[in-house]
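Read the figures in this text as sums done on the coordinates, not as results from a lab. Everything quoted here is computed from the prediction, not taken from an experiment. Here the Cβ is made from the backbone with ideal geometry for all residues, glycine too, and neighbour counts use every protein chain on show.
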Amino acid sequence: MAQALLIINSIIMFFFWLAGIIVVTPAYNQFVQYGESGGIMPGLTQFIIDFRIFFAGAPIIWLFVSFGVYQIVKNRQGDDQLKILLLFSLLSIAVGFSMLIIFELAAILPYLLIGVGG
């Protein structure tokens, strides 16, 4: 059960990353691909757009972290296992939502003209 839950946490993190990519794609299409901003983008947006594919490392890193958590959990008693797995699941969701919020913020900044010089 512990292995399955930790793998599900990694899959959840992948879906958060995928949602972040989907959220930032309209900004990429409008301001980069079609060049409606004149090349001036907020720093956060430019960073997210430039490295959005490299953020796929987050679910991969989370898989390795999950393996480390599994190594810790497998030697614990049932009650301690449950507490650690619950904490890790909550941490997975919190980190995933944080990543999604950063992607969302990066996606709306160009539309609000926040951080754009000129």
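Just a few scattered comments:
- Size of charge dipole - the chain - debye, nearest 20, with Cβ of Lys, Arg +1 and Asp, Glu -1, no other charges: 300 debye
- Positive dipole terminus of the chain, leading residue within Val73, Phe47, Trp62 (C-beta point charges): Val73
- Computed extension length for Ile53-Phe97: 14.1 nm, one decimal, from 0.36 nm per residue of separation with the Cα-Cα distance subtracted.
- Matching label, P(r) over Cα pairs in 5 Å bins from 0, in percent computed from the structure shown, candidates [x] 2, 11, 23, 26, 20, 11, 5, 1, 0; [y] 2, 12, 20, 17, 12, 10, 8, 7, 5, 3, 2, 1, 0; [z] 2, 12, 21, 21, 14, 10, 7, 5, 3, 2, 1, 1, 0: [y]
- Backbone N within segment 1-23 under 19 Å of label point (7 Å from Gln77 Cα along the Cβ vector): 2
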